[in-house]
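Structure record follows, encoded as structure tokens.
Derivation of every value follows stated rules applied to the coordinates shown; laboratory data play no part. Keep in mind that what you see is a predicted model, and the values were worked out from it rather than measured. Cβ coordinates were reconstructed from backbone atoms using ideal geometry, including for glycine residues, and neighbour counts include every protein chain displayed.
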Amino acid sequence: MIVSLPCLAIMLFAAVTPVTGSSETLLVRFKPGVNDISRVLTSLRLEAVDKIPELSILVVRTSIPLQDAESVLLRDPRIDLVEENLLVAPSQVPNDQYYGFQWHLKKIGAPDAWNVSQGDSNTVIAVLDSGVDSSHADLAPRLLSGWNFYDNNNDTTDLTGHGTAVAGVAAAVTNNSIGIASIAWQSSLLPVRVTGPSGYASYSMLSQGLVYAAERGAKVAVVSFGIYGGSALSSAAKYFMDKGGLVFAAGGNTGAYVSDPDNLYIISVAGTTSDDISWGSYGPYIDLSAPCSAIYTTLKGGGYGNVGGTSFSAPLTAGLAALVFSANKSLTPVQVERILESTAADLGDPGYDQHYGWGRINASYALRTAVGSPPPGGPTPPEVTIQYPNNGTTVSGDITINVTATDNVTVSKVEAYLDGQLFANDTVSPYEFYWNTASCSNGNHTLMARAYDQANNVGQSNPIAVTVSNAVDNVPPTVIIDSPSNGSQVSRSIKIVASANDAYGISKVEFYIDGVLKSTVFATPYAYSWNSKSVKSGWHTISVRAYDILGNSAEATVRVYMRNGK
């Protein structure tokens, strides 16, 4: 909402509410080691409509209800990640408090921090939002050419005004005699539009935006949405961190407790008032806090005004990270995060707490610490262990190889080796690898894992000896049509119920009427409701075909007499 006042516009913005809708697609990633993914998609009746290749994530559409497809995929040992491609939307929260022009910069000690660094043009801040007003006098000199993932073009015009306000807090032009000051006023801005006209952003577009910004060399990304969960987004944020940057998200504005755990790759920022009172959502996912009320910033259309909410705590903290990166270019993302946390003003309970995180940001202390920080590095390699299977285990069928890897900085990737040959690699914890042991000969085999950190130090696990023992399965499943019975008379709508069993598990059950496929069911109960009102009277054939996970199939058939009076 925009209210016009003499010489002043007041805009009320905030972070997004929790998830409010679905794009009717799923985000899917197969475990490393799965081959012929196209065939697997077909067998699961999935259609890939988009992809994020850098994260090995597919956006898929399914012909069965979304929740049913997700349920089936969650039980499939080949699947590493499956979740709805959720939509998040901005919520507008009234804010009647007014604390003066840009009180927040003095509150966090920005004037002293600027004596150390004002940012630099090579330290790019990506703004993943509704676009940015490229004609705004306080933003245009800092803007780079970005991308619009909603329309798939380079038009990053701001549709709602939210992105323009976020950008101004982070890196508006400063000391130019007009408008406002910002925290990182020499840094560049990369606009990345990830919302539609209504302001909704899908998890897939947010993930694609982070990958794009990372590839463009951004050191900081601002996602002024409340990110509650989302494995795909976490993968994208890790990708961004592995490229040398940090991702900041809004903590949320509901004021309610959120139980999500800490995300290792997304820094969630809660809000504080001018009196350092905690504001907004809270929980174990909160990392830091920053001013959020009456934040004076740039508005769409060239003006200025006050905004409120954690949507603006996030860019303020992201801008501080840009200053730290600029002040000491040898720092790694993990070191920058630790500086922000260790130098924050400890408010609330001593140490970490779920309202303030590690505290309210302190720009002066952070910058003074950054210029005295040691360079990154150190020869310490990661520690890596294969947790499953255990040494001496006999395995068969499909199994998941579980690996743990830790490092004094961060693990960049883990590789799995089978009999000395690279089998697959994973970049996101937990490190899990799908292994179809039937692809190997029966007998003894060796597993080993290697982990790499950002300095390319390598840690190696102890070798694990396993014995593969797979019986040759040529036995088809058993399938019975429980209802209706053979030779029975039926009319109008009937429910066809079947039972199917196999020693290795059932993958799907198909229902046919007179030889025409009508339905495929992937989980019990195996049933199909046949609306036969328009079917002619007479004899009809019902067939049910069951498949096991190795592709063997069996079929049961009954004939029924339809009495519909036609």
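A few notes on this one:
- Of all lysines in the structure, the ones whose alpha carbon falls short of 25 Å from that of Lys536, not counting any fewer than 8 places away in one chain, are Lys495, Lys518, Lys566.
- Extending 7 Å from the Cα toward the beta-carbon at both Arg216 and Asn531 defines two label points whose distance is 4.8 nm.
- Centroid-to-centroid, using Cα positions, region 513-566 and region 394-432 are 43 Å apart.
- Centre-to-centre, using Cα atoms only, region 204-253 and region 270-317 are separated by 19 Å.
- Volume of the Cα convex hull of region 383-468, divided per residue and given in Å³: 76 Å³
- Highest mean packing comes first when the peptides 211-219, 33-41 are listed by Cβ atoms within 10 Å, giving 211-219, 33-41.
- Normalised by 2.2 N^0.38 Å, where N is the number of residues, the C-alpha radius of gyration of region 21-87 stands at 1.00.
- Rg and Dmax, both from the Cα atoms of region 411-523 and both in Å, are 23.4, 74.
- In region 478-562, one over the average inverse separation of all distinct C-alpha pairs is 13.0 Å, which is the Kirkwood hydrodynamic radius.
- Pairs with C-alpha atoms separated by more than 18 Å, drawn from the list Lys106/Lys329; Lys508/Lys533; Lys31/Lys413; Lys238/Lys413, are Lys106/Lys329; Lys508/Lys533.
- For Glu83, residues with placed amide H under 5 Å, excluding near neighbours: Leu27
- Basic side chains Lys and Arg get +1 at the Cβ, acidic Asp and Glu get -1 at the Cβ, and with that the dipole of region 111-238 about its Cα centre reaches some 280 debye.
- Dipole of region 527-566 computed with +1 at Lys/Arg Cβ and -1 at Asp/Glu Cβ about the Cα centre; of Thr541, Tyr561, Gly551, farthest Cα towards the positive end is Tyr561.
- Placing a pseudo-label 7 Å from each Cα along the Cα-to-Cβ vector at Ser274 and Val472 gives an inter-label distance of 8.3 nm.
- Relative protection proxy for 314-322, 358-366, from highest mean packing down: 314-322, 358-366 (other beta-carbon atoms within 10 angstrom).
- Remark: relative contact order (region 383-468) = 39 percent; criterion is Cα-Cα distance under 8 angstrom and separation of 6 or more residues.
- Additional length obtainable on full extension of the chain from Lys329 to Arg39, 0.36 nm per residue less Cα span: 99.8 nm
- Computed from the alpha carbon positions, the gyration tensor of the chain leads to an equivalent ellipsoid with semi-axes of 52, 31, 18 Å, biggest first.
- Debye-formula intensities of region 88-370, expressed as log10 I(q)/I(0) at q = 0.09, 0.11, 0.15 Å⁻¹, are -0.33, -0.51, -1.03 (one equal scatterer per alpha-carbon, no solvent).
- Here the simple spin-label model places points 7 Å from the Cα toward Cβ, and for Ala140 and Thr380 these points are separated by 5.1 nm.
- When you restrict to C-alpha pairs under 8 Å that are six or more residues apart and normalise by the size of the chain, the relative contact order lands at 12 percent.
- Distance from the alpha carbon centroid of region 24-54 to that of region 123-183 works out to 35 angstrom.
- For region 478-562, the Cβ-based charge dipole about the Cα centre amounts to some 440 debye (Lys, Arg positive; Asp, Glu negative; other atoms uncharged).
- Annotation: peptides 323-335, 466-478, ranked by per-residue average of other Cβ atoms within 10 Å with the highest first, follow the order 323-335, 466-478.
- Considering only Phe149, Val428, Asn362, and ranking their Cα positions along the charge dipole of the chain that arises from unit charges at the beta-carbon of Lys, Arg, Asp and Glu, the one farthest toward the positive end is Phe149.
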